[in-house]
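Q: Let me begin by handing over the structure; questions about it come next.
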Amino acid sequence: MLCTVSSLIRNVLAGILLCLSVPATAAPLIGELAPALDLPTLDPAHLGPTLGPRISISPRPGHIWVVDFFATWCGPCLKSTTALEEVLRPLGDRVTLIVVDVSQPAELVIAHFQKQPLPRGAKLALDRDGQAAKRWGQDRFPTTFLIDDRGIIAHINRGYGPGYPARMERWLRQMLSPQVAQPPQTLSQ
(Lines give C-alpha, C1' and ligand atoms only; values in the text may rest on other atoms or scores of the structure.)
Protein backbone atom coordinates (compact mmCIF):
# COMPACT_ATOMS: atom_id res chain seq x y z
CA MET A 1 0.00 0.00 0.00
CA LEU A 2 2.80 2.39 0.94
CA CYS A 3 4.54 1.65 -2.35
CA THR A 4 1.35 2.37 -4.32
CA VAL A 5 0.73 5.69 -2.55
CA SER A 6 4.38 6.64 -3.05
CA SER A 7 4.16 5.89 -6.80
CA LEU A 8 0.92 7.83 -7.07
CA ILE A 9 2.45 10.87 -5.39
CA ARG A 10 5.56 10.61 -7.58
CA ASN A 11 3.41 10.43 -10.75
CA VAL A 12 1.26 13.38 -9.68
CA LEU A 13 4.35 15.46 -8.92
CA ALA A 14 5.92 14.50 -12.26
CA GLY A 15 2.72 15.56 -14.03
CA ILE A 16 2.67 18.91 -12.22
CA LEU A 17 6.32 19.54 -13.11
CA LEU A 18 5.63 18.67 -16.73
CA CYS A 19 2.73 21.12 -16.85
CA LEU A 20 4.85 23.84 -15.30
CA SER A 21 7.71 23.28 -17.76
CA VAL A 22 5.56 23.54 -20.91
CA PRO A 23 4.84 27.17 -21.73
CA ALA A 24 1.14 27.74 -22.28
CA THR A 25 0.01 29.95 -25.12
CA ALA A 26 -3.35 31.55 -24.77
CA ALA A 27 -5.68 31.52 -27.74
CA PRO A 28 -5.99 34.96 -29.30
CA LEU A 29 -9.17 36.88 -28.58
CA ILE A 30 -11.41 39.15 -30.57
CA GLY A 31 -9.93 42.64 -30.53
CA GLU A 32 -6.35 41.36 -30.40
CA LEU A 33 -3.78 41.44 -33.17
CA ALA A 34 -3.97 38.27 -35.26
CA PRO A 35 -1.07 35.87 -34.63
CA ALA A 36 1.63 35.58 -37.26
CA LEU A 37 0.70 33.49 -40.26
CA ASP A 38 3.78 32.58 -42.27
CA LEU A 39 3.07 29.36 -44.15
CA PRO A 40 4.00 27.85 -47.50
CA THR A 41 1.29 27.82 -50.14
CA LEU A 42 0.15 25.02 -52.40
CA ASP A 43 -1.30 25.43 -55.87
CA PRO A 44 -3.76 22.65 -56.78
CA ALA A 45 -3.60 23.74 -60.43
CA HIS A 46 -0.05 22.42 -60.64
CA LEU A 47 0.59 18.71 -60.53
CA GLY A 48 2.68 17.62 -57.61
CA PRO A 49 3.02 18.84 -54.04
CA THR A 50 5.60 21.57 -54.68
CA LEU A 51 5.41 24.21 -52.01
CA GLY A 52 4.93 27.74 -53.27
CA PRO A 53 5.73 31.14 -51.81
CA ARG A 54 4.94 31.80 -48.19
CA ILE A 55 1.78 33.65 -47.30
CA SER A 56 1.27 36.11 -44.50
CA ILE A 57 -1.34 38.64 -43.47
CA SER A 58 -0.45 42.28 -43.91
CA PRO A 59 -2.88 45.02 -42.95
CA ARG A 60 -4.31 46.95 -45.92
CA PRO A 61 -6.87 49.74 -45.70
CA GLY A 62 -10.34 48.48 -46.61
CA HIS A 63 -9.23 44.83 -46.92
CA ILE A 64 -10.38 41.83 -44.88
CA TRP A 65 -8.72 38.46 -44.42
CA VAL A 66 -10.70 35.27 -43.79
CA VAL A 67 -8.49 32.53 -42.32
CA ASP A 68 -10.21 29.15 -42.33
CA PHE A 69 -8.49 26.20 -40.61
CA PHE A 70 -9.41 23.08 -42.58
CA ALA A 71 -8.80 19.33 -42.98
CA THR A 72 -9.67 17.26 -46.06
CA TRP A 73 -11.34 14.55 -43.94
CA CYS A 74 -13.66 17.07 -42.24
CA GLY A 75 -17.19 17.09 -43.68
CA PRO A 76 -18.16 20.40 -42.03
CA CYS A 77 -14.99 21.96 -43.51
CA LEU A 78 -16.23 21.12 -47.01
CA LYS A 79 -19.54 22.80 -46.18
CA SER A 80 -17.83 25.90 -44.80
CA THR A 81 -15.61 26.25 -47.87
CA THR A 82 -18.64 26.01 -50.15
CA ALA A 83 -20.52 28.54 -48.00
CA LEU A 84 -17.54 30.93 -48.00
CA GLU A 85 -17.37 30.73 -51.79
CA GLU A 86 -21.00 31.88 -52.04
CA VAL A 87 -20.59 34.61 -49.41
CA LEU A 88 -17.30 35.98 -50.78
CA ARG A 89 -18.19 36.04 -54.49
CA PRO A 90 -20.12 39.36 -54.42
CA LEU A 91 -17.50 41.00 -52.17
CA GLY A 92 -14.81 40.82 -54.86
CA ASP A 93 -11.18 41.55 -54.12
CA ARG A 94 -11.89 43.38 -50.84
CA VAL A 95 -11.68 40.03 -49.03
CA THR A 96 -8.97 37.36 -49.25
CA LEU A 97 -9.72 33.79 -48.15
CA ILE A 98 -6.81 31.73 -46.83
CA VAL A 99 -7.65 28.06 -46.36
CA VAL A 100 -5.09 26.56 -43.97
CA ASP A 101 -4.85 22.79 -44.14
CA VAL A 102 -3.63 21.46 -40.80
CA SER A 103 -1.16 18.58 -40.42
CA GLN A 104 -1.81 16.71 -43.65
CA PRO A 105 0.63 15.66 -46.37
CA ALA A 106 0.86 18.06 -49.32
CA GLU A 107 0.07 15.24 -51.79
CA LEU A 108 -3.24 14.52 -50.06
CA VAL A 109 -4.21 18.19 -49.91
CA ILE A 110 -3.40 18.76 -53.60
CA ALA A 111 -5.37 15.65 -54.63
CA HIS A 112 -8.37 16.85 -52.60
CA PHE A 113 -8.43 20.35 -54.08
CA GLN A 114 -7.91 19.06 -57.61
CA LYS A 115 -11.24 17.21 -57.19
CA GLN A 116 -12.96 19.93 -55.13
CA PRO A 117 -11.54 23.29 -56.28
CA LEU A 118 -10.91 26.15 -53.90
CA PRO A 119 -13.16 29.18 -54.12
CA ARG A 120 -11.99 31.62 -56.78
CA GLY A 121 -9.13 33.80 -55.53
CA ALA A 122 -8.59 31.74 -52.36
CA LYS A 123 -5.09 30.92 -51.19
CA LEU A 124 -4.19 27.46 -49.90
CA ALA A 125 -1.62 27.28 -47.10
CA LEU A 126 -0.11 24.21 -45.51
CA ASP A 127 0.39 24.06 -41.73
CA ARG A 128 2.45 20.86 -41.79
CA ASP A 129 3.15 20.59 -38.07
CA GLY A 130 -0.03 22.24 -36.76
CA GLN A 131 1.91 24.99 -34.98
CA ALA A 132 0.06 27.85 -36.70
CA ALA A 133 -3.26 26.25 -35.72
CA LYS A 134 -2.06 26.14 -32.09
CA ARG A 135 -0.94 29.81 -32.16
CA TRP A 136 -4.34 30.79 -33.53
CA GLY A 137 -6.23 28.74 -30.92
CA GLN A 138 -7.88 26.47 -33.47
CA ASP A 139 -9.61 23.82 -31.38
CA ARG A 140 -12.03 22.26 -33.87
CA PHE A 141 -12.64 22.05 -37.58
CA PRO A 142 -13.45 24.32 -39.19
CA THR A 143 -12.39 27.41 -37.28
CA THR A 144 -12.82 30.66 -39.20
CA PHE A 145 -11.20 33.97 -38.24
CA LEU A 146 -12.16 37.32 -39.77
CA ILE A 147 -9.28 39.78 -39.66
CA ASP A 148 -9.86 43.49 -40.25
CA ASP A 149 -7.78 45.93 -42.28
CA ARG A 150 -5.56 46.67 -39.25
CA GLY A 151 -4.72 43.00 -38.64
CA ILE A 152 -7.10 42.72 -35.66
CA ILE A 153 -9.32 39.68 -35.07
CA ALA A 154 -12.87 40.95 -35.56
CA HIS A 155 -14.82 37.66 -35.40
CA ILE A 156 -14.20 33.98 -34.71
CA ASN A 157 -16.49 31.12 -35.72
CA ARG A 158 -15.71 27.68 -34.31
CA GLY A 159 -17.37 24.79 -36.11
CA TYR A 160 -20.03 24.71 -38.79
CA GLY A 161 -23.76 24.62 -38.28
CA PRO A 162 -27.05 26.25 -39.18
CA GLY A 163 -26.65 29.94 -39.84
CA TYR A 164 -22.95 29.82 -40.76
CA PRO A 165 -23.36 31.36 -44.25
CA ALA A 166 -25.71 34.12 -43.04
CA ARG A 167 -23.44 34.89 -40.07
CA MET A 168 -20.32 35.11 -42.26
CA GLU A 169 -22.12 37.37 -44.73
CA ARG A 170 -23.44 39.64 -41.95
CA TRP A 171 -20.06 39.90 -40.23
CA LEU A 172 -18.19 40.59 -43.47
CA ARG A 173 -20.67 43.23 -44.64
CA GLN A 174 -20.45 44.93 -41.23
CA MET A 175 -16.67 44.93 -41.46
CA LEU A 176 -16.73 46.39 -44.96
CA SER A 177 -19.22 49.12 -44.12
CA PRO A 178 -17.88 52.48 -42.92
CA GLN A 179 -19.51 52.10 -39.50
CA VAL A 180 -19.77 48.82 -37.65
CA ALA A 181 -23.31 48.40 -36.28
CA GLN A 182 -22.66 45.67 -33.70
CA PRO A 183 -19.73 44.56 -31.54
CA PRO A 184 -17.61 41.56 -32.68
CA GLN A 185 -18.74 38.09 -31.66
CA THR A 186 -17.38 34.60 -31.10
CA LEU A 187 -19.63 31.68 -31.87
CA SER A 188 -19.05 28.01 -31.16
CA GLN A 189 -21.24 25.40 -32.74
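The values are calculated or read from the model by the stated rules, or taken from the named source; none is laboratory data. Just so it is clear, the model here is predicted, and its values are computed rather than measured. Methodologically, a virtual Cβ is constructed for each residue, glycine included, from the backbone with ideal geometry; neighbour enumeration extends over all protein chains shown.
Q: Given the conditions (1) surrounded by 13 or more Cβ atoms within 10 Å (Cβ to Cβ); (2) more than 23 Å from Leu176 (Cβ to Cβ), and given that Trp73 satisfies all but one, which numbered condition is not satisfied?
A: Result: Trp73 fails condition (1) only.
Q: Could you grab the pairs with beta carbons closer than 6 Å, sequence gap of 6+ or different chains, first residue in the range 84-110 and on the phi > 0 side of the Ramachandran plot, second one at pLDDT 95 or above?
A: Ser103/Gly130
Q: Consider Ala133 carefully, then state whether it is more than 18 Å from the chain's Cα centre (by Cα), modelled with pLDDT of 95 or more and not β-branched (Val, Ile, Thr).
A: On the way: more than 18 Å from the chain's Cα centre (by Cα): no; modelled with pLDDT of 95 or more: yes; not β-branched (Val, Ile, Thr): yes.
It is false that Ala133 is more than 18 Å from the chain's Cα centre (by Cα), modelled with pLDDT of 95 or more and not β-branched (Val, Ile, Thr).
Q: Farther than 23 Å from Asp101 by Cα and modelled with pLDDT of 95 or more: is that true of Arg158 in this structure? If you could, list the steps in order and put the result at the bottom.
A: Values: farther than 23 Å from Asp101 by Cα: no; modelled with pLDDT of 95 or more: yes.
Here the answer is no, as Arg158 does not meet what is asked.
Q: Check the range 128-141 and report whether any residue there is assigned to a strand (DSSP E or B), in contact with a Leu (Cβ under 9 Å, 6 or more places away or on another chain) and of a type outside the set (Lys, Arg).
A: Pass one, the range 128-141, residues assigned to a strand (DSSP E or B): none.
Scanning the range 128-141, I find no residue that is assigned to a strand (DSSP E or B), in contact with a Leu (Cβ under 9 Å, 6 or more places away or on another chain) and of a type outside the set (Lys, Arg), so the answer is no.
Q: Can you name every residue in the range 152-170 that is part of a helix (DSSP H, G or I), among the hydrophobic types (A, V, I, L, M, F, W, C) and in contact (Cβ under 8 Å) with a residue 40 or more places away in the chain?
A: Looking only at the range 152-170, we keep the residues that are part of a helix (DSSP H, G or I), and these are 164-170.
Now narrow it down to the ones that are among the hydrophobic types (A, V, I, L, M, F, W, C): 166, 168.
Within the range 152-170, Met168 is the sole residue that qualifies.
So that you can scan it fast, the table gives a plain yes or no per residue for (1) within 16 Å of the chain's Cα centre (by Cα); (2) in a loop (DSSP other than H, G, I, E, B); (3) at pLDDT below 90; (4) among the acidic types (Asp, Glu):
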{"position": "Leu20", "(1), (2), (3), (4)": "no, no, yes, no"}
{"position": "Gly48", "(1), (2), (3), (4)": "no, yes, yes, no"}
{"position": "Ile57", "(1), (2), (3), (4)": "yes, yes, no, no"}
{"position": "Ser80", "(1), (2), (3), (4)": "yes, no, no, no"}
{"position": "Ala83", "(1), (2), (3), (4)": "yes, no, no, no"}
{"position": "Glu107", "(1), (2), (3), (4)": "no, no, no, yes"}
{"position": "Ala111", "(1), (2), (3), (4)": "no, no, no, no"}
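Q: Is it true that some residue in the range 115-128 is in contact (Cβ under 8 Å) with a residue 60 or more places away in the chain, among the small types (Gly, Ala, Ser) and under 22 Å from Gly151 (Cβ atoms)?
A: Yes, there is a match, as at least one residue in the range 115-128 is in contact (Cβ under 8 Å) with a residue 60 or more places away in the chain, among the small types (Gly, Ala, Ser) and under 22 Å from Gly151 (Cβ atoms).
Q: Scanning for something buried (at least 18 other Cβ atoms within 10 Å of the Cβ), out of contact with any Gly (no Cβ under 8 Å at 6 or more places or on another chain), acidic (Asp, Glu) and farther than 14 Å from Asp43 by Cβ, does the range 81-94 turn up at least one residue?
A: Looking for residues that are buried (at least 18 other Cβ atoms within 10 Å of the Cβ), out of contact with any Gly (no Cβ under 8 Å at 6 or more places or on another chain), acidic (Asp, Glu) and farther than 14 Å from Asp43 by Cβ, one finds none in the range 81-94, hence no.
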